[in-house]
Amino acid sequence: MGDESKELKSVIPIKPSVKDYAWGIRGMDSRVARYALENKSVDEVDPDSPYAELWVGTHPKGPSVLEDGRTLQDAVGDELPFLFKVLSAGKALSIQAHPDKRNAQRLHDENPNAYGDANHKPEMAIALTPFEAMCGFRRLEEIAVLLKKHREFADCISEEAKLAVFLASNEESQTDALQKLFASFMSCPREVSERNLKLLLIRLNAEQSQLHPHPHDEPAWERKCARAIIRLAAQFPGDAGAMAPLFLNYLLMAPGESFFMAANEPHAYVAGEIIECMACSDNVVRAGLTPKFKDVDNLVNMLTYTMGGPSIDAGAPSVNEPRILRYTPPVPEFEVLVATVGPGETLLFENPGVPSVMIALEGAGKLDGVVIRPGKCYYWPADASALEFVVAEHRRGPLKFAVAHKNQNIDHPTAFKRDNYGSLAGSRGISVPSSPLPYMGLRDFPTGSNPLTPPNLNHTRAEDS
């Protein structure tokens, strides 16, 4: 009782907002649910309800509040430039992108009900568990392979778009081909896409079955793609978006790994739990895998159509304290620091001099002599003292917590935007991303050559005939 009665000196407890979107993990299996209960954001956890997102910030759709009833914005004196979240995804989120500032203003002016603010929404995700996501367009060589292999997918694409994919020879023509392919797929008549999805699922289920004479003959990246389609189709029956792994990169991230998604880049989170930080906005342009409002035309027109997955960032140790990992994007609104304090250790965390928020992620320890538990959320004022964390020696695991604030290291980002480097920005660093070509016994081809010959394009899509 003694520790509980003490008062925190450096930070102020806050009550975050909870979102119960249908894709969330249900009941106490959800980290969001456990954190919400710890912060008294909910009185009890319903085992049948999804708990999808925990919002820590000042966004009007889900403002955090202090114990005295003031909003976090009242305490800070202004809106925070970022929104800090915990996500628990039990099934896939929509295929989506977030607009840049110009598009955000236009969308807000045209449809304020669907787009409630005029801000852009670059975002960074840091995995807390193994995390699956689709991010960015595949390289055109991979899409060409999949068009040749999966006739059902090819039948959802116009002849013009398929020819553009196979004949693209430089960066401009590749960008044009990607846009044509995506626009054609998204505009495919529903009856055509549903029929081809059913045919594709019949074949993929047979190929992935143990009854198939050669269930593992295909390369691992193709097998992962096929299984992702089967999972997505089970979650969203009849939704052609289940074929998205055929043109979007499919990633599996380990805990502690992160990626940055700039504006106008397609992505869809599939499963797992993350912390996520973004500019203070809730603008989402959706096109598939969702019962919500779909804005296909705007999504098709706003995407950058660059190729390759995002840079995977494992964080950079802070110069003065290697137990603090810094995740810094190339945008001014936010950065995230994740600290780990082992049993028997003490950590002094200096105030960055800007308003910050903090989430205890796992383990237990003491802050200002007060016990903090997983899920507790705090506001750390810009003029408050440094934080001193102490973990008792008898503890069997470390205390881990995350702090978000305005970017103080924008000149030294740990993540980058792919358009800074073109399509050579790989999925795990500034390098050429992995390609399926070596798996197929093919060599890499120089830019400007065409490694794949077009398939027989005599079969036509329904509306082309």
> What accessible surface, in Å², does a 1.4 Å probe find on I230, ignoring ligands, DNA and RNA and rounding to the nearest 10?
Replying inline: 40
> Tell me, in nm to one decimal, what length is gained between E160 and R227 on full extension, where the rule is 0.36 nm per residue of separation less the Cα-Cα distance?
Replying inline: 21.3 nm
> How do 351-359, 195-203 rank on mean C-beta neighbours within 10 Å, highest first?
Replying inline: 351-359, 195-203
>> What would the Debye equation give as log₁₀ I(q)/I(0) for the stretch 256-321 at q = 0.12, 0.22 Å⁻¹, counting only Cα atoms as equal point scatterers?
In response: -0.43, -1.22
> Per residue, how many Å² of accessible area does the chain show with a 1.4 Å probe?
Replying inline: 43
> Computed from the mean reciprocal separation of all distinct C-alpha pairs, what Kirkwood hydrodynamic radius does the stretch 291-343 have, in Å?
Replying inline: 14.8
> Where the Cα atoms of the stretch 167-295 are projected onto their three principal axes, how long is each span, largest first, in whole Å?
Replying inline: 51, 37, 36
>> So if each residue of separation counts as 0.36 nm, and I subtract the Cα-Cα distance between D43 and V296, what length gain in nm does that give?
In response: 87.2 nm
> Setting aside same-chain residues fewer than 8 positions from K376, which lysines have a Cα under 27 Å from its Cα?
Replying inline: K6, K9, K15, K19, K40, K61, K85, K91, K121, K366, K400, K406
>> Tell me the Kirkwood radius of the chain: reciprocal of the mean inverse pair distance over distinct alpha-carbon atoms, in Å.
In response: 23.5
> Given R₀ = 25 Å, FRET efficiency for S173-R106 by Cβ-Cβ distance, to 0.05?
Replying inline: 0.35
> Just the projected area, averaged over all directions, of the convex hull on the alpha carbon atoms of the stretch 86-237: how many nm²?
Replying inline: 11.9
> For the stretch 244-369, what log10 I(q)/I(0) values come out of the Debye formula at q = 0.17 1/Å, with one point per alpha carbon and no solvent?
Replying inline: -1.08
>> Taking the Cα centroid of the stretch 178-198 and of the stretch 102-121, what is the distance between the two, rounded to the nearest whole Å?
In response: 27
>> I'd like the distance between the alpha-carbon centres of the stretch 344-421 and the stretch 294-339, rounded to an integer number of Å.
In response: 18
> Of all accessible surface on the stretch 109-209 at a 1.4 Å probe, what whole percent is carbon and sulfur?
Replying inline: 49
> Using 7 Å Cα-to-Cβ label points, what is the N409/A220 separation (nm, one decimal)?
Replying inline: 3.1
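The values are calculated or read from the model by the stated rules, or taken from the named source; none is laboratory data. These figures come from a predicted structure and were not determined experimentally. Ideal geometry is used to build each Cβ from the backbone, glycine not excepted, and the neighbour counts take in all protein chains shown. These accessible areas exclude ligands, DNA and RNA; they are computed on the full protein's heavy atoms, side chains included. Shrake-Rupley method; radii C 1.70, N 1.55, O 1.52, S 1.80 Å.
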